[in-house]
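Below is one structure; the comments refer to it alone.
The values are calculated or read from the model by the stated rules, or taken from the named source; none is laboratory data. On a predicted model such as this, the values are computed, not experimentally measured, just so you know. As a convention, Cβ positions derive from the backbone with ideal geometry for all residues, glycine included, and neighbour counts pool all protein chains shown.
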Amino acid sequence: MDAALDIDWAELARLAPDWVVGHLNPDLDSLVSSFVAAHLTGSQAAAWGAPEPLSEAVWRTLDQEALAQLPADGTVGLVDCVFPQESRSVLWAVDHHQPAGSITRPYPVYLEALGATATMISRARDRLTASDCRLLAAAIVADTMALTSNRTTDHDRHALETLVEDWRALIPMVFPKDPGLSPAQWRAAGRKQILGLPWASGGGFGPAPDVHAIAAGESGPFAFSWIDIGAKTTTLALVLDHRVVRLLTYPAVLSRTRIGPEIRVPMEETFGHPLRYPSESRE
Ligand SMILES: [Mn+2]
C-alpha cells in the first residue's frame, strides 16, 4: 500500500468553514463525507443542490435526516470535490479523485487517488463514533461498488475491514434489491454531463431497471448505464428519440470516469459524431 495521506483535522477546524459540502447533487460519498467531516471540524454539513435520488434513499435507510441545503452565503469546506461548482469562498478541500496534473488552489487541498473520500476520513478513527464508522463504510461500499470498481485500492479494502464488524451486511442497504425509483428518478440517478452527453447511472445486485421505460422520457442523445455487482457486468443503453437504440453489456465493472474505446466507439457510431469532454467528470 502507498503511504496514507495525513489530514490535519485540527487545522481544517481552525479555518472554520460555515458549511462542509460535497459536490453538486451529492452522492452517498458526498453526503457521508460532509456529515462526518463537519463533525470532525465542528462545522455544519450541507447538501449542494438536491441529492442524487438513489443516494438520498440510502441516506434515509441509514436513519439519517436530510442535510440542510447549502445557503447562498457563507464559506465552505469541500469534500469529494476540489473545485466549487459556482463562485464560493472555499477554505479547504478533501477529495479522492485522481489529480489531472498538479492542482494549485489558494486553499489547502488534500488529494489522494482512492475509491472514496470516506476512506480518507476514516483514518481519523479514534475520533469517530460507531455511527460515523457505519456511515463511512456505507459510502465506501457505494463508491467502490462493494470493492469491485476499477478505482478500488487497498486503502479502501483496509478501511472497510476496520470500520465495522461486517461490511458485507451493509450491501443490501446500499444496493437494495428494489430501490423503488420511478423511471424519472432513474433518469436523474447519478446524472452527469459526460463526453458532452447527459448520462445517468445506477448499480446493484441484479439486472438493470427497465431501460425502455427510462428511455421513454428522453429525447436523446442520452446514456444510461447499470452495473450488476453480482455478475460484474456493465450494461449501457444508448437512447435517441425516446427509444433505446443500442444496448450493450460488458463483462466488467466500468467506471464512467475512465471511458475506454470499448464504450466510446459504439457511442460515437450510434450518435454519429465524436464525443468530447467539455470538462472532466467528477464523481
Ligand atoms: Mn466520491
Select, from Arg256, Arg276, the only residue that is under 30 Å from Pro176 (Cβ atoms) and either in the same structural domain as Arg187 (by TED's automatic domain parsing) or not in a helix (DSSP H, G or I) (or both).
-> Arg256
Top-ranked residue in the range 114-146 [being part of a loop (DSSP other than H, G, I, E, B) and more than 14 Å from the chain's Cα centre (by Cα); ranked as farthest from the ligand (Cβ to nearest atom)] | Thr129
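Here is a yes/no grid of residues against (1) buried (at least 22 other Cβ atoms within 10 Å of the Cβ); (2) out of contact with any strand residue (DSSP E or B) (no Cβ under 9 Å at 6 or more places or on another chain); (3) hydrophobic (A, V, I, L, M, F, W, C):
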{"position": "Thr104", "(1), (2), (3)": "no, yes, no"}
{"position": "Tyr110", "(1), (2), (3)": "no, no, no"}
{"position": "Ala116", "(1), (2), (3)": "yes, yes, yes"}
{"position": "Ile121", "(1), (2), (3)": "yes, no, yes"}
{"position": "Arg134", "(1), (2), (3)": "no, yes, no"}
{"position": "Val141", "(1), (2), (3)": "yes, yes, yes"}
{"position": "Thr148", "(1), (2), (3)": "no, no, no"}
{"position": "Arg151", "(1), (2), (3)": "no, yes, no"}
Which of the residues spanning the range 147-172 are among the acidic types (Asp, Glu) and away from the ligand (no atom under 14 Å from the Cβ)?
-> Asp154, Glu161, Glu165, Asp166
Selection from the range 74-94 of residues of a type in the set (Val, Ile, Thr) and either at pLDDT 95 or above or not assigned by TED's automatic domain parsing to the domain that holds His39 (or both) yields Thr75, Val76, Val79, Val90, Val94
Can we say Asp63 is among the acidic types (Asp, Glu), assigned by TED's automatic domain parsing to the domain that holds Ala124 and at negative phi?
-> no
Go through the residues of the range 69-79 one by one and say whether even a single one is touching a residue at least 24 places away in the same chain (Cβ under 8 Å), farther than 27 Å from Arg258 by Cβ and either of a type in the set (Ser, Thr, Tyr) or within 14 Å of the ligand (Cβ to nearest atom) (or both).
-> yes
Hey, does the range 53-66 have a residue that's under 20 Å from the mean Cα position of the chain (by Cα), farther than 14 Å from Asp27 by Cα and free of Cβ contacts under 8 Å to residues at least 24 places away in the same chain?
-> yes
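For (1) outside the structural domain of Ile140 (by TED's automatic domain parsing); (2) more than 16 Å from the ligand (Cβ to nearest atom); (3) aliphatic (A, V, I, L, M), each residue gets a yes or a no:
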position: Arg14; (1), (2), (3): no, yes, no
position: Asp18; (1), (2), (3): no, yes, no
position: Val21; (1), (2), (3): no, no, yes
position: Leu28; (1), (2), (3): no, no, yes
position: Ser33; (1), (2), (3): no, no, no
position: Val36; (1), (2), (3): no, no, yes
position: Gln44; (1), (2), (3): no, yes, no
position: Pro51; (1), (2), (3): no, no, no
position: Trp59; (1), (2), (3): no, no, no
Does at least one position in the range 177-186 carry a residue that is of a type in the set (Lys, Arg) and within 26 Å of Met267 (Cβ to Cβ)?
-> no
Taking helices (runs of 4 or more DSSP H) that fall entirely within the range 1-87, which contain at least 1 residues that are surrounded by fewer than 22 Cβ atoms within 10 Å (Cβ to Cβ) and in contact with a Phe, Trp or Tyr (Cβ under 7 Å, 6 or more places away or on another chain)?
-> 9-15, 28-41
Does the range 173-181 contain any residue that is out of contact with any Ser or Thr (no Cβ under 6 Å at 6 or more places or on another chain), of a type in the set (Asp, Glu) and away from the ligand (no atom under 14 Å from the Cβ)?
-> yes
For the range 154-252, please list each of the strands (runs of 3 or more DSSP E) lying entirely inside it that holds at least 1 residues being within 21 Å of the chain's Cα centre (by Cα) and within 24 Å of Arg60 (Cβ to Cβ).
-> 192-194, 197-204, 222-228
Show the residue pairs that are 6+ apart or on different chains and have beta-carbon atoms under 7 Å apart, the first residue being within the range 134-155 and on the phi > 0 side of the Ramachandran plot, the second being away from the ligand (no atom under 13 Å from the Cβ) and among the β-branched types (Val, Ile, Thr).
-> Met145/Ile227; Met145/Ile229; Met145/Val253; Ala146/Ile171; Ala146/Ile229
